[in-house]
Amino acid sequence: MSYLFESFKGWKTYCEEKEISLPQSVIEFEVDQKNGEDSQIKAGLLKAYGVMKDAVKTGLEEDMISRSGMINNGAKKVYNYHVAVLSPEFQKLISRALAAKEVNSCMGRVVAAPTAGASGILPGTLVTLQEIHDLADEEIVNGLLVGAGIALIIEEKASLAGAVGGCQAETGSAAAMASGAIVYCLGGNIDQVFTAVAITIQCMLGLVCDPVAGLVEVPCVVRNASAAAIAFSSAQIALANVNAVIPVDECIEAMGEIGASMESRYKETAMGGLAATLTGQEISKRVLISDIEILPDSESPE
Ligand code: SF4
């Protein structure tokens, strides 16, 4: 069964030949890999979705100030701001993605989907999708299964890690997972789900990983919001049967090729991009000094 998640083309063929849905194929794969049972896998995902919902709530209700001070209750400010740039649903989408990611930056509990750096995207998109369309948790779990299949293929063909492929691999992959999940949950067929992934990746290609002071805060938190927006827009485009032109497998290969040619300073080393700006460097020094100051005496440098 291992060929199943080597390509989107292979995944589609497998489902069509066996006449099973995308989520069912992921369950079969998980059962095969882990000797588990369908019910255990679905229960695990329900639990994970519960953690995602809690992260959104926590980020919107509790004080979210990171130790560096770079993150300071941004989600609540966006959620409550009175001048509307976006529709109310869109404003909530952005706020929720920010909220769950802020919880991560403030050392709270999140689901790394696929990584902690991108942990606001699936919660923000799925909680908002569920609210708009009044979906049951079980339907969202099917979306999560589709997202898991998408991540398996991206990992196989490119990467899910910022240290390997830049931020396109983290927030880009999470957005692709979310976009495919949304299309599936709204009744899209396999081609539409994969088109959503292709369009999302096309929008996220080339994004570098440049966290200020090496902390997963800036620009990570705001990138979770923009990736959630791209996931929604790509899902809308795909559901309307707009052609992605470049097939999804080739989009992922392009992501892998770009990631491989990216210089190491753009791969989580905090040596390039925003991390290397004057302000980024100043923040980095300040964070380093405050870290040294809070070391216990026995650990203080000589
Ligand atoms: S900038 Fe780097 S650390 Fe931050 S979310 Fe993107 S990949 Fe993760």
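For the range 193-208, the count of residues that are under 14 Å from the mean Cα position of the chain (by Cα), within 9 Å of the ligand (Cβ to nearest atom) and surrounded by 24 or more Cβ atoms within 10 Å (Cβ to Cβ) is nonzero. Of note, I258 does not satisfy the criterion of being modelled with pLDDT of 95 or more and under 17 Å from the mean Cα position of the chain (by Cα). Looking only at the range 274-288, residues that are part of a helix (DSSP H, G or I) and of a type in the set (S, T, Y) come to 2 in all.
Residues in the range 128-168 that are farther than 19 Å from V216 by Cβ and within 16 Å of the ligand (Cβ to nearest atom): 3 in all.
The set of residues in the range 169-179 that are of a type in the set (A, V, I, L, M, F, W, C) and either assigned to a loop (DSSP other than H, G, I, E, B) or near the ligand (Cβ under 10 Å from one of its atoms) (or both) comprises A169, A174. Restricted to the range 246-273, and to residues there that are assigned to a helix (DSSP H, G or I) and of a type in the set (S, T, Y), the residue that is surrounded by the most Cβ atoms within 10 Å (Cβ to Cβ) is Y266.
If the condition is being part of a helix (DSSP H, G or I), over 15 Å from E250 (Cα atoms) and aliphatic (A, V, I, L, M), then the range 152-168 contributes L152, A163, V164.
Within the range 99-124, track down each residue that is hydroxyl-bearing (S, T, Y) and surrounded by fewer than 24 Cβ atoms within 10 Å (Cβ to Cβ). Within the range 99-124, just T115 meets the criteria. Scan the range 223-236 and tell me whether some residue there is surrounded by fewer than 22 Cβ atoms within 10 Å (Cβ to Cβ), away from the ligand (no atom under 13 Å from the Cβ) and of a type in the set (A, V, I, L, M). Scanning the range 223-236 turns up at least one residue that is surrounded by fewer than 22 Cβ atoms within 10 Å (Cβ to Cβ), away from the ligand (no atom under 13 Å from the Cβ) and of a type in the set (A, V, I, L, M). Of the residues S39, S66, the single one that is among the small types (G, A, S), at pLDDT below 95 and over 18 Å from the mean Cα position of the chain (by Cα) is S39. State whether one or more residues within the range 64-87 are within 23 Å of C185 (Cβ to Cβ), assigned to a helix (DSSP H, G or I) and touching a residue at least 40 places away in the same chain (Cβ under 8 Å). Looking for residues that are within 23 Å of C185 (Cβ to Cβ), assigned to a helix (DSSP H, G or I) and touching a residue at least 40 places away in the same chain (Cβ under 8 Å), one finds none in the range 64-87, hence no. Of everything in the range 174-189 that is free of Cβ contacts under 8 Å to residues at least 60 places away in the same chain and closer than 10 Å to L144 by Cα, the residue that is surrounded by the most Cβ atoms within 10 Å (Cβ to Cβ) is A178.
Taken over the range 205-245, residues that are of a type outside the set (S, T, N, Q) and either part of a loop (DSSP other than H, G, I, E, B) or without any contact (Cβ under 8 Å) to a residue 40 or more places away in the chain (or both) amount to 15.
The values are calculated or read from the model by the stated rules, or taken from the named source; none is laboratory data. This is a predicted model, so every value here is computed, not measured. Positions of Cβ are generated from backbone atoms using ideal geometry, with glycine treated the same way; all protein chains shown enter the neighbour counts.
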